[in-house]
Amino acid sequence: MNRDVLDRWCERGILGLVLAILVYGPLALGAVRLQEFLVVQMLTVGVLLLWLARVWLNPRPKFLWPPISWAVLAFVACAVVRYLMCDIEYVGRKELLRILVYAALFFATLNNLHRQEATQILSFTLIFLAMGISLYALYQFLTHSNRVWHFPINLAGRASGTYISPNHLAGWLEMLLPLALTYTLVGRGRAMTKIFLGYAALVMIGGIAVTGSRGSWVACALALLALFAVLLFQRAYRLPAALLLLGLLGAGAWAVSQTRLFHSRDNQTIVGGRVDLDVRLVLWETAWHMWRDHPWLGVGPGHYDHRYRTYRPSAVQLQPDYAHNDYLNLLADWGLVGTAIVGLGLVALGVGIVKIWKHVRRSENEFGLSLSNKFAFVLGATTGLLALFIHALVDFNLQIPANAILAVSLVALLSSHWRFATERYWFSARLPGRLVTSGALIATAIYLGQQEFRLGQEWVWRERAGRAPKQSLARAALLEQARVVEPKNFTTDYQLAEIYRVEAFLGTGDYEGFAERAIAAYQRGIENQPFDGDFYLGWGMCLDFMGRHAEAETIFLKADALDPNGYFVAAHVGRHYVETGEYAAARPWLERSLRLAQTNTMAATLLKLTNERLLESATNPSVRVLLDRAR
């Protein structure tokens, strides 16, 4: 078998692996959990190894390096540096792994899948996958199903397809809907193929509708208006585009007037004559404050949720995960440096689209406009990304791996169309270039592979621990094995500490030894995650149990400093003073906890006890005599 044949098989292998990643991600709940993302990471390592083989199989390899590539490379360098400086190593490392996977797929797609056949295979596969997932979402909606695969999910009358959140399904579909429409209207192909593509587009519209995602509805409406505006200015496309637009507007008007889902979501959107963005405005303000305190480099990659408690407003007691605005989340996590790099990348992408536009669009003649798959892809992918960028104002789709990978793939395929505009960005790789490229591919593959093995081992032990009885020493033994493999995971530290604390509070056997082991685990957790007040709360409870109340008070106040507006922390500080008999000190903490969260059984119960004890003290004659003497 000669080199050319091997090279072609490697190219097909890369196409197959990238396609597997793009298909697997949305089917696997968006690949948000560690175990699903590890599959994506493993497939990415395979892509890198096949690309490495192509570098040496091809006697004169060439690399496509459009301007956006510099922005991607700069952000990867920023991510590596920021990871080395971040406060929570485990979180920063997982974020770095995501960025490395995204960057690897971007460069691999750009340099290996730039042929039109590959672009069409990827596009058609994703369009029909989107149709299938949309049909599943419609089934969920019509049958009032509360399951995603076998997972019970409370969808509240909405549909999420193969995702946990309906908003993220909508974010994924909105990138592919314009692609289906443009291939139907302006792409080349057989009539039957176009019928299926048009049907897929209609099903996707239904899928987006039943997600109940208001952000996606607005984003899709604006993006599709932009798409049809472009087509209406093309003479040959004007009539079919106008007819389809009128059909979509009519269907949309009917759905809005007749469907209960639209009315219920509209009532949640318009409150008192103004737009109610739920708690999003509060979360955006929190992200803004984080950035103002850390303007240049941000709070750290993936750190928003873990730094949130210190900035928590009193009105929001939830733990938000993300800021529900990808731009503010980026600013909070990465600061001006990271945001500027991403901004330059988007500018480079926009300039690239403008430059390649006239080279992929067929010119008009008296017989009409020729159909073009290149034009269909560029117009559809650009519109899909526009919808995503609009939706990013009110949601966090780019934090979902499957959605981020689809966006990265569309950007890479769009950027690969530079080759139609100019030969300027093609570079022939001589021996030094091959060595540098090979070194980068090998280093990335080794690091991803090593982390794959390490995190995979940890997941196995934690999965076994999850099947053991709760709060049992058997579970603790399995978690200890997970901690040996991955000592930086603060979640493991907390789970171990809680098991040992509960065992100590039983008061049997070596209960003091278990209390000390719990304190040691809490302290390890603080080293790995210094911003979580729950570690201090558990530590303080153990100190109270051991009668070391003065030390416990200091620890509880540290927890309050990390979460000054948290009802749970305030309740536990109040509980500490109740245990020490300092009811006058306990009362303001418990009242504060109830003000922050009225449905707060712990604080309500303790406050009732505190008031009873204070009343007893005030009405006890001997206590009054002592008070008079003290005066």
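Out of (1) within 21 Å of Ala376 (Cα to Cα); (2) at pLDDT 85 or above; (3) buried (at least 18 other Cβ atoms within 10 Å of the Cβ), the odd one out for Ala229 is which?
For Ala229, the exception is condition (3).
Quick test of your reading of the structure: Gly198 fulfils all but one of (1) more than 27 Å from Val408 (Cβ to Cβ); (2) assigned to a loop (DSSP other than H, G, I, E, B). Name the failing condition by number.
Looking at each condition in turn, Gly198 falls short on (2).
Which of the residues belonging to the stretch 305-334 are of a type in the set (S, T, N, Q) and more than 12 Å from the chain's Cα centre (by Cα)?
Passing the criteria: Thr310, Ser314, Gln317, Gln319.
Look at the stretch 471-493 and say how many of its residues are part of a helix (DSSP H, G or I) and of a type outside the set (A, V, I, L, M).
Counting residues in the stretch 471-493 that are part of a helix (DSSP H, G or I) and of a type outside the set (A, V, I, L, M) gives 8.
For residues that are over 22 Å from Val484 (Cβ atoms) and free of Cβ contacts under 8 Å to residues at least 24 places away in the same chain, tally how many sit in the stretch 423-468.
So the count comes out to 11.
Select, from Ser134, Ser145, Ser165, the only residue that is surrounded by fewer than 20 Cβ atoms within 10 Å (Cβ to Cβ) and small (Gly, Ala, Ser).
None of the others qualify; the one that does is Ser145.
Restricting to the stretch 565-582, give me the number of residues that are in contact with a Lys or Arg (Cβ under 7 Å, 6 or more places away or on another chain), surrounded by 22 or more Cβ atoms within 10 Å (Cβ to Cβ) and of a type outside the set (Gly, Ala, Ser).
Final tally of qualifying residues: 0.
All but one of (1) of a type outside the set (A, V, I, L, M); (2) assigned by TED's automatic domain parsing to the domain that holds Arg115; (3) farther than 23 Å from Met42 by Cα hold for Thr437, so report the exception by its number.
(3) is the only condition that Thr437 fails.
Among the candidates Phe107, Phe124, which residue alone is buried (at least 17 other Cβ atoms within 10 Å of the Cβ) and either part of a loop (DSSP other than H, G, I, E, B) or within 22 Å of the chain's Cα centre (by Cα) (or both)?
Phe107
Output the number of the condition that Tyr163 fails; it satisfies all remaining conditions of (1) aromatic (Phe, Trp, Tyr); (2) in a loop (DSSP other than H, G, I, E, B); (3) over 15 Å from Asn397 (Cβ atoms).
Going through the list (1) aromatic (Phe, Trp, Tyr); (2) in a loop (DSSP other than H, G, I, E, B); (3) over 15 Å from Asn397 (Cβ atoms), Tyr163 breaks only (3).
Just to be sure before I move on: is Gln471 at pLDDT below 95 and either of a type in the set (S, T, N, Q) or over 28 Å from Gly302 (Cβ atoms) (or both) in the structure I sent?
When the stated conditions are applied, Gln471 passes them.
Only one of these is more than 30 Å from Phe196 (Cα to Cα), more than 19 Å from the chain's Cα centre (by Cα) and either of a type outside the set (Val, Ile, Thr) or not in a helix (DSSP H, G or I) (or both): Ala74, Ala130. Name it.
On inspection, the qualifying residue turns out to be Ala74.
How about the stretch 202-216: which of its residues are under 12 Å from Leu177 (Cβ atoms) and surrounded by fewer than 24 Cβ atoms within 10 Å (Cβ to Cβ)?
The answer is Leu202, Val203, Ile205, Gly206.
One line per residue, one yes/no per condition, for (1) within 17 Å of His114 (Cβ to Cβ); (2) modelled with pLDDT under 95:
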{"residue": "Gly25", "(1), (2)": "no, no"}
{"residue": "Val45", "(1), (2)": "no, no"}
{"residue": "Trp56", "(1), (2)": "no, yes"}
{"residue": "Pro61", "(1), (2)": "yes, yes"}
{"residue": "Ser69", "(1), (2)": "yes, no"}
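Hey, could you check the stretch 8-23 for residues that are without any contact (Cβ under 8 Å) to a residue 40 or more places away in the chain and surrounded by fewer than 20 Cβ atoms within 10 Å (Cβ to Cβ) and say which is farthest from Arg54 (Cα to Cα)?
Checked the stretch 8-23; the qualifying residue farthest from Arg54 (Cα to Cα) is Ala20.
Please go through (1) under 29 Å from Ile133 (Cβ atoms); (2) surrounded by fewer than 19 Cβ atoms within 10 Å (Cβ to Cβ); (3) in contact (Cβ under 8 Å) with a residue 12 or more places away in the chain for Ile99 and return the number of the only condition it doesn't satisfy.
Condition not satisfied by Ile99: (2).
Yes or no: Asn403 assigned by TED's automatic domain parsing to the domain that holds Leu48 and either touching a His at 6+ places or on another chain (Cβ under 7 Å) or over 20 Å from Ala223 (Cβ atoms) (or both)?
yes
One line per residue, one yes/no per condition, for (1) buried (at least 19 other Cβ atoms within 10 Å of the Cβ); (2) aromatic (Phe, Trp, Tyr); (3) at pLDDT below 90:
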{"position": "Val347", "(1), (2), (3)": "no, no, no"}
{"position": "Lys358", "(1), (2), (3)": "no, no, yes"}
{"position": "Asn365", "(1), (2), (3)": "no, no, yes"}
{"position": "Leu386", "(1), (2), (3)": "yes, no, no"}
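Please work out which residue is farthest from Ile164 (Cα to Cα), limiting yourself to the stretch 133-148 and to residues that are in a helix (DSSP H, G or I) and among the β-branched types (Val, Ile, Thr).
Only one residue fits best here, namely Thr143.
Going through the stretch 232-243 one residue at a time, which ones are of a type in the set (Gly, Ala, Ser) and surrounded by fewer than 20 Cβ atoms within 10 Å (Cβ to Cβ)?
Ala236, Ala242
The values are calculated or read from the model by the stated rules, or taken from the named source; none is laboratory data. Since the structure is predicted, the reported quantities are computational estimates derived from the model, not experimental observations. Virtual Cβ from ideal backbone geometry, glycine too; neighbours counted across all protein chains shown.
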